[in-house]
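Asker: For reference, the structure I am asking about is given below.
Rule-based calculations on the coordinates, nothing more; no lab input. Computed from a predicted model, the values in this text were never measured in an experiment.
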Amino acid sequence: MSQTTLKIDGMSCGHCVNSVKKALQSVDGVTGEQVAIGSATVEYDPQVASPEKLVDAVRDAGYTATPAA
Ligand SMILES: [Cu+2]
């Protein structure tokens, strides 16, 4: 398993946290995520998912994600 942290812009409340959580959970290969306002830490199977896919999923949900490296 790999773990990455994303910086997320555009989140302001618990609703945003839930939206981002759902978006991350919808990505194949994601096995766990901790989401707070402004950031998310995601555990994923690197054979299936990638930081790029996580960023895309968050972007589709309407937020701006940047890998925090
Ligand atoms: Cu919100």
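Asker: Please work out how much length the chain gains when fully extended from Ser50 to Ser12, using 0.36 nm per residue of separation minus the C-alpha to C-alpha distance, in nm with one decimal.
Answerer: Full extension from Ser50 to Ser12 adds 11.1 nm.
Asker: Using alpha carbons only, how many degrees (0 to 90, rounded to 10) separate the axis of helix 51-60 from the longest principal axis of the chain?
Answerer: 30 degrees
Asker: Once you order the gyration tensor axes a ≥ b ≥ c over the Cα atoms, which shape class does the chain get: rounded for a/c under 1.5, otherwise prolate or oblate by comparing a/b with b/c?
Answerer: The shape class here is prolate.
Asker: Okay, moving on. Measure nothing fancy, just the Cα-based angle from helix 14-25's long axis to the longest principal axis of the chain, in degrees from 0 to 90, nearest 10.
Answerer: Roughly 20 degrees between the two axes.
Asker: Quick one: 3J(HN,Hα) in Hz for the stretch 31-41, Karplus 6.51/-1.76/1.60 with θ = phi - 60°, rounded, Gly and Pro as x.
Answerer: Along the stretch 31-41, the couplings run 10, x, 8, 10, 10, 10, 5, x, 7, 9, 10 Hz.
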